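A.B. asks: Please see the structure below; I have some questions.
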Amino acid sequence: MRTVPASAPAGAAAQHTTASLTADLAALGVEPGEVLWVQAGLRSVGRVAGGAATVVRALLEALGGTGPGTLVTYTATPENSDTSRLAARLTEGLTPEGLAAHRAAMPAFDPRTTPASPTMGRLAEQIRRTPGAVRSSHPQTSFAAVGRHARRITGRHELDCHLGESSPLGRLYELAARVLLVDVPLSRLTAFHLADLRAADLPTRPYGCVVRDGTGQRRWQHFQAPDLDDRHFGELAGALLGEGQGIRSGRFGDADCLLVPVVEAVDVAGRVLRGRAGPARAAAAARD
């Protein structure tokens, strides 16, 4: 139920509770035992008694708890990179001395302790800190998960595979997960990257980031990986809205939300990409 605290001023908006949010998820179609990946703008949910912790409790209760269900979030960390778009914005116009100082102050990634990026929202960090949660090891595109399939999802994350088959996103496809988009437009659906990275001729580029090694020492790690780009996701979102049969819409607290099957999203995106790609890319996508 939604409650208004006794001390609240007259006319104050009701607070959402674990029970009311769990009921919202059930009405949307979230099922006990499923794998649920959440991309959320938490502020849009409204006034929640207990804040982000209550939202996580509601999500887990809707999944039947951590025994049967699995809750997943993206905890990407562009802050520790010198090659990300965020890094380019933060260092634009710096002198060589300023750039050296910026690099020296950049946080080193440790999957056990590094917070989720603020760009991912408060809920991602709350899920990462949930007792029993585990995290993948990629220093740029990590995922955190809690529940039955958490270790299967996060256990393999190849350095040169940000969001492809050898990443948690590949496992989410295998497990037929669904994505809960809470006040997040379909054009920001991270799952579309898997359709992109299935293409054999996707261009690559160098990446660099600062990490903590096994002894706790700070070091720079450089690698070559596919060039991630989301500027065409609006086109993919339009196709998915036109073709998708499994998308459900509803409310979560005060927020509009969508529940999107990962398999359908990736498959529709793949068909769009095959239709407009060059011969090598189209042939590679057709083999998947």
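The values are calculated or read from the model by the stated rules, or taken from the named source; none is laboratory data. None of the values given here were measured: they were computed from a predicted structure. As a convention, Cβ positions derive from the backbone with ideal geometry for all residues, glycine included, and neighbour counts pool all protein chains shown. Note: areas computed on protein heavy atoms with side chains; ligands, DNA, RNA excluded. Shrake-Rupley method; radii C 1.70, N 1.55, O 1.52, S 1.80 Å.
A.B. asks: Report the one residue of 194, 170, 223 whose Cα lies farthest in the direction of the positive end of the charge dipole of the stretch 162-230 (charges on C-beta: Lys and Arg +1, Asp and Glu -1; origin at the Cα centre).
C.D. replies: 223
A.B. asks: Okay, next question. Specify the residue with the greatest mean-square fluctuation among 270, 170, 246, computed from a Gaussian network of the chain linking alpha-carbon atoms under 10 Å apart.
C.D. replies: The residue that fluctuates most here is 246.
A.B. asks: Pick from 137, 249, 81: which residue has the top mean-square fluctuation in a GNM of the chain where Cα pairs under 10 Å get a spring?
C.D. replies: Its mean-square fluctuation being the largest, the pick is 249.
A.B. asks: Could you give me D for the chain, from Stokes-Einstein at 4 °C and 1.567 mPa s, where the hydrodynamic radius is the Kirkwood radius over C-alpha pairs? Units µm² s⁻¹, please.
C.D. replies: In µm²/s, the coefficient rounds to 65.
A.B. asks: Let me ask something additional. What is the chain's relative contact order, in percent, from Cα pairs under 8 angstrom and six or more apart in sequence?
C.D. replies: Reported relative contact order: 20 percent.
A.B. asks: Something else: What share of the DSSP beta bridges in the chain is antiparallel, in percent to the nearest 5?
C.D. replies: 70 percent
A.B. asks: Whole-Hz Karplus ³J(HN,Hα) for the stretch 27-33, in order, using 6.51 cos²θ - 1.76 cosθ + 1.60 and θ = phi - 60°, x for Gly and Pro?
C.D. replies: After applying 6.51 cos²θ - 1.76 cosθ + 1.60, I find 5, 6, x, 5, 10, x, x Hz.
A.B. asks: Okay, moving on. Over the stretch 61-135, what is the mean sequence separation of C-alpha contacts under 8 Å (at least six apart), divided by residue count, expressed as relative contact order in percent?
C.D. replies: So the answer I get is 35 percent.
A.B. asks: For 215, 95, 22, write out the residues from largest to smallest accessible area, computed with a 1.4 angstrom probe and no ligands counted.
C.D. replies: So the residues, ranked largest to smallest area, are 215, 95, 22.
A.B. asks: Mind giving me the nanometre distance, one decimal, between the label points for residue 49 and residue 215, set 7 Å out from Cα along Cα→Cβ?
C.D. replies: So the label points at residue 49 and residue 215 sit 5.3 nm apart.
A.B. asks: Rounded to the nearest 500, what is the chain's calculated 222 nm mean residue ellipticity when only DSSP H runs of at least 4 contribute -39500 (n - 2.57) each, over all residues?
C.D. replies: -9500 deg cm²/dmol
A.B. asks: Going by accessible area, probe 1.4 Å, with all protein chains left in place, what is the ranking of 37, 220, largest first?
C.D. replies: 220, 37
A.B. asks: In whole Hz, with x marking every Gly and Pro, tabulate ³J(HN,Hα) for the stretch 72-79 from phi via Karplus 6.51 cos²θ - 1.76 cosθ + 1.60, θ = phi - 60°.
C.D. replies: Couplings: 10, 9, 9, 10, 3, 10, x, 5 Hz.
A.B. asks: Quick one: among 87, 53, 269, which has the greatest mean-square fluctuation in a GNM of the chain with alpha-carbon springs under 10 angstrom?
C.D. replies: 87
A.B. asks: Here is a follow-up. Any idea how far apart residue 271 and residue 229 come out in nm if each label point goes 7 Å out from Cα toward Cβ?
C.D. replies: 2.4 nm
A.B. asks: Would you grab the residues whose amide H sits under 5 Å from the one on residue 230? Only those 5+ places off in sequence or on another chain, please, with H modelled 1.01 Å from N.
C.D. replies: Distant-sequence amide H within range of residue 230: zero hits.
A.B. asks: Heavy atoms only, probe 1.4 Å: what % of the accessible area of the chain goes to carbon and sulfur, would you let me know?
C.D. replies: Carbon-and-sulfur percentage of accessible area, whole number: 52.
A.B. asks: Using every alpha carbon pair in the stretch 16-175, what percent of pairs falls into each 10 Å bin from 0 up to the bin containing the largest distance?
C.D. replies: Per 10 Å bin, starting at 0, the Cα pair percentages come out as 11, 36, 31, 16, 5, 1.
A.B. asks: Which residues' amide hydrogens lie under 5 Å from the amide hydrogen of residue 130, considering only partners 5 or more residues apart or on another chain, with H built in the peptide plane?
C.D. replies: Long-range HN contacts for residue 130: none found.
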